[in-house]
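Chemist: I have a structure here, written as structure tokens, and I will follow up with some questions on it.
The values are calculated or read from the model by the stated rules, or taken from the named source; none is laboratory data. Computed from a prediction, not measured in an experiment: that's the story for all the values here. Cβ coordinates were reconstructed from backbone atoms using ideal geometry, including for glycine residues, and neighbour counts include every protein chain displayed.
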Amino acid sequence: MSLARRLAAPAPGWTTQADAIVVGSGVAGLTAALRLRTRVPRVLLVTKGPLASGSTVWAQGGIAAALDPEDSPGAHLHDTLVAGVGLCDRPAVEVLVTEGPDRVRELVGLGTRFDTGPGGELSLTREGGHRADRIAHAGGDATGAEISRALVAQLEAVRSDPGIEVLEHALVLDLLTAAPDRDGRPGPVCGVTLHVIGQGSRDGVGAALAPAVILATGGIGQVYPSSTNPVQATGDGLAAGLRAGAAIADVEFVQFHPTVLWLGAGVKGQLALISEAVRGEGAMLLDSDGLRFMPDVHELAELAPRDVVAHAIVRRMAETGSDHVFLDARHLGADFLRHRFPTIDERLRDEGIDLTTDLVPVAPAQHYHSGGLLTDLHGRTTLSGLYAAGEAACTGVHGANRLASNSLLEGLVFAHRAADEVAARVAARDLVARDPAERAGEPALVAAPARSRIQRLAASGPGVIRRVDGLTQAKERLAALPTRADRAPGVQAAPQAAEWETTNLHQVATVLTETALRRTETRGGHYREDHPDRDDASWRVRQVVRLTPDGALQVTHTPVP
């Protein structure tokens, strides 16, 4: 199996330069850009939509950190390792839990308004997999939106600073790399090509040159027909990094949120999730017969790790012949629910559902990707000059399954570290500007109408429940899709945003299917119905994927200590 190492696109018609480029405007991208602004002469922030459109905005539950005097980083470490099912990188988790409290306090200093108790102390709650109250939240269930608001406000305050430039509505196409080494592998990253839509002189395809690039492009949600991710989440950073020669890891571990609002078969796009925090406050899951089933599945019942809850729901749906289950929060009281979960309450009311009096139909849907560009403790990928943070990165923190509310914290902590590392290396001239060289091989372009087929194949292959037949069929059909659609007779396709996104989705789905097929066990976010048991003896490994110089997919296994 082989994949193209670049997208089919026009040659850049304009060029700009910076000392560091940050791609993405969620918590990781905004944190990195703000920290770099005073540490390098010039930083360029590129975001696919408006500045406040990153995935962070949609995070309802909260941000986890050991902020309570009766809690500890060690306890947070334990819960994270348990959720990761033996595949977490322990040093990375130690960084997360020890530095996390200070990073959250810094958010408060930057103007983030977390919910507080009567004495002004942070109001902390509990979510699935946590054995302590350590979830800070804002606006009840609008934590991500509040964090994004505060960080965007900080950036807007310095937007006129000549040391920072923001390019909105800009899709990064490919990473630029310097001349290859003797083995034909790409040289250091030296910038990006990007397409800016309708931004005056900065339209069309351009090139931004810099000795360092931090990818904070979010997840892969739109690989699936239904997801809680925004429409921008098309795996752009993951695919661009892979094409450039960087290693990606843990791709098979996809977290399906257990309680996503079910609005009927065939509904696509971004779906509304019903936050883990609702179950954290005592809501229960009932099957179509009204039976509460989670206490018989796990000691934490509805607060079990997300993979446990999602798989239990899918099995229960199969047993009862239903396509959804119900979330019951009625016993918590109308006043409490409307105060604690105003965003969810309003969203449900838009669909004619009253959280305080009705059972809420829910089913699992794609929510988070634990895999990404393989990084070290400072955000460095395996490719010189390239960094990653947030959902686009694989720090090893999540292992096989992300613990609830660790995602915002991971983006915050490791973006902070990556920015400091980039600043230090730029100052020391360890990272310097280089001239880009074109990567060999045919470019790729997949027609935009193929997106729905790719999504169906992802759902039937590497979906919630995986089997060898579904995975094999998905692999074969993905391989059969034309990847030079712009040259195919009669096909209406041209190098443009819809085709570039679809090509990224195709490449991500291809790697996802291959890694899910190779891991013959069940672990965390990877559920193989034909291999239902966990196999530590053979599979306590991380699958690492690279493209060889000729575009072949290379999968290696790295033991996890």
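Chemist: Tell me which residues, restricted to the stretch 274-287, are more than 11 Å from Phe341 (Cβ to Cβ) and either surrounded by fewer than 17 Cβ atoms within 10 Å (Cβ to Cβ) or at pLDDT 95 or above (or both).
Modeler: Result: Gly282, Met284, Leu285, Leu286, Asp287.
Chemist: Given the residues Arg425, Arg402, Arg453, which is the only one that is of a type in the set (D, E, K, R), more than 30 Å from Val27 (Cβ to Cβ) and out of contact with any Gly (no Cβ under 6 Å at 6 or more places or on another chain)?
Modeler: Matching residue, one of Arg425, Arg402, Arg453: Arg453.
Chemist: I would also like to ask the following. For the stretch 4-25, which residues satisfy the criterion of being closer than 20 Å to Pro211 by Cβ and crowded, with 24+ Cβ neighbours inside 10 Å?
Modeler: The answer is Ala18, Ala20, Ile21, Val22, Val23, Gly24.
Chemist: Within the stretch 252-265, count every residue that is farther than 23 Å from Tyr527 by Cα and not hydrophobic (A, V, I, L, M, F, W, C).
Modeler: Selection size over the stretch 252-265: 1.
Chemist: Here are some residues: Gly49, Gly61, Gly74. Which one is at negative phi and free of Cβ contacts under 8 Å to residues at least 60 places away in the same chain?
Modeler: Just a single option satisfies the conditions, and that option is Gly74.
Chemist: In the set Leu175, Leu107, which member is assigned to a strand (DSSP E or B) and either touching a Phe, Trp or Tyr at 6+ places or on another chain (Cβ under 9 Å) or crowded, with 17+ Cβ neighbours inside 10 Å (or both)?
Modeler: Only one candidate passes the filter, namely Leu175.
Chemist: Let me ask another. Can you pull out every residue in the stretch 19-42 that is of a type in the set (Val, Ile, Thr), out of contact with any His (no Cβ under 9 Å at 6 or more places or on another chain) and closer than 22 Å to Thr395 by Cβ?
Modeler: Ile21, Val22, Val23, Val27
Chemist: Does the stretch 53-78 hold any residues that are modelled with pLDDT of 95 or more and in a helix (DSSP H, G or I), and which are they?
Modeler: Pro73, Gly74, Ala75, His76, Leu77, His78
Chemist: Of the residues that make up the stretch 523-540, is at least one among the hydrophobic types (A, V, I, L, M, F, W, C) and farther than 18 Å from Thr234 by Cβ?
Modeler: For the stretch 523-540, residues among the hydrophobic types (A, V, I, L, M, F, W, C) and farther than 18 Å from Thr234 by Cβ: present.
Chemist: Within the stretch 94-134, track down each residue that is within 26 Å of Leu303 (Cα to Cα), over 22 Å from the mean Cα position of the chain (by Cα) and β-branched (Val, Ile, Thr).
Modeler: Listed by number, the residues that qualify are Thr98, Thr116, Thr125.
Chemist: Also: Take the conditions of a type in the set (Val, Ile, Thr), assigned by TED's automatic domain parsing to the domain that holds Asp420 and crowded, with 24+ Cβ neighbours inside 10 Å and apply them to Val97. Does it pass?
Modeler: Yes, satisfied.
Chemist: Testing Ala485 on (1) closer than 24 Å to Ala247 by Cα; (2) surrounded by 15 or more Cβ atoms within 10 Å (Cβ to Cβ), one condition comes back false. Which one is that?
Modeler: Going through the list (1) closer than 24 Å to Ala247 by Cα; (2) surrounded by 15 or more Cβ atoms within 10 Å (Cβ to Cβ), Ala485 breaks only (1).
Chemist: Here is a further query. I'd like to verify a number: residues in the stretch 265-289 that are in contact with a Lys or Arg (Cβ under 7 Å, 6 or more places away or on another chain) and part of a helix (DSSP H, G or I), how many?
Modeler: Going through the stretch 265-289 one residue at a time, the tally reaches 1.
Chemist: Going through the stretch 357-377 one residue at a time, which ones are at pLDDT below 95 and over 27 Å from Gly525 (Cα atoms)?
Modeler: Selection gives nothing.
Chemist: Moving on. Considering only residues that are free of Cβ contacts under 8 Å to residues at least 60 places away in the same chain and not β-branched (Val, Ile, Thr), which ones fall in the stretch 529-560?
Modeler: Correct list: His531, Pro532, Asp533, Asp535, Ala537, Ser538, Trp539, Gln554, His557, Pro559.
Chemist: Within the bounds of the stretch 521-531, is there any residue that is of a type in the set (S, T, N, Q), under 11 Å from Val251 (Cα atoms), assigned by TED's automatic domain parsing to the domain that holds Gly461 and buried (at least 19 other Cβ atoms within 10 Å of the Cβ)?
Modeler: No, the stretch 521-531 has no match at all.
Chemist: Moving on to the next point. Please go through the stretch 537-551 and give me each residue that is part of a strand (DSSP E or B) and closer than 13 Å to Ala247 by Cα, ordered by number.
Modeler: Correct list: Arg542, Gln543, Val544, Val545, Arg546, Leu547.
Chemist: Give me the residue from the stretch 225-264 that is closer than 18 Å to Cys190 by Cα and assigned to a loop (DSSP other than H, G, I, E, B) and, out of that set, farthest from the chain's Cα centre (by Cα).
Modeler: Gly245
Chemist: Based on this model, can you work out whether Arg380 counts as at pLDDT 95 or above, of a type in the set (Lys, Arg) and at negative phi?
Modeler: When the stated conditions are applied, Arg380 passes them.
Chemist: Can you pull out the residues in the stretch 315-326 that are assigned to a strand (DSSP E or B) and either at positive phi or in contact with a helix residue (DSSP H, G or I) (Cβ under 9 Å, 6 or more places away or on another chain) (or both)?
Modeler: Val325
Chemist: Step by step: first the residues of the stretch 229-250, then only those that are farther than 12 Å from Val544 by Cα and among the β-branched types (Val, Ile, Thr), then the one that is surrounded by the most Cβ atoms within 10 Å (Cβ to Cβ). Which residue is that?
Modeler: Filtering first and then ranking leaves Thr234.
Chemist: Looking at Ala334, Ala312, Ala329, Ala304, can you tell me which residue is modelled with pLDDT of 90 or more, under 24 Å from the mean Cα position of the chain (by Cα) and either at negative phi or basic (Lys, Arg) (or both)?
Modeler: From the options Ala334, Ala312, Ala329, Ala304, the qualifying one is Ala312.
Table: residues versus (1) buried (at least 22 other Cβ atoms within 10 Å of the Cβ); (2) within 21 Å of Ser405 (Cα to Cα); (3) of a type in the set (Asp, Glu).
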site: His298; (1), (2), (3): no, yes, no
site: Asp323; (1), (2), (3): no, no, yes
site: His331; (1), (2), (3): no, no, no
site: Asp345; (1), (2), (3): no, yes, yes
site: Glu351; (1), (2), (3): no, no, yes
site: Asp354; (1), (2), (3): no, no, yes
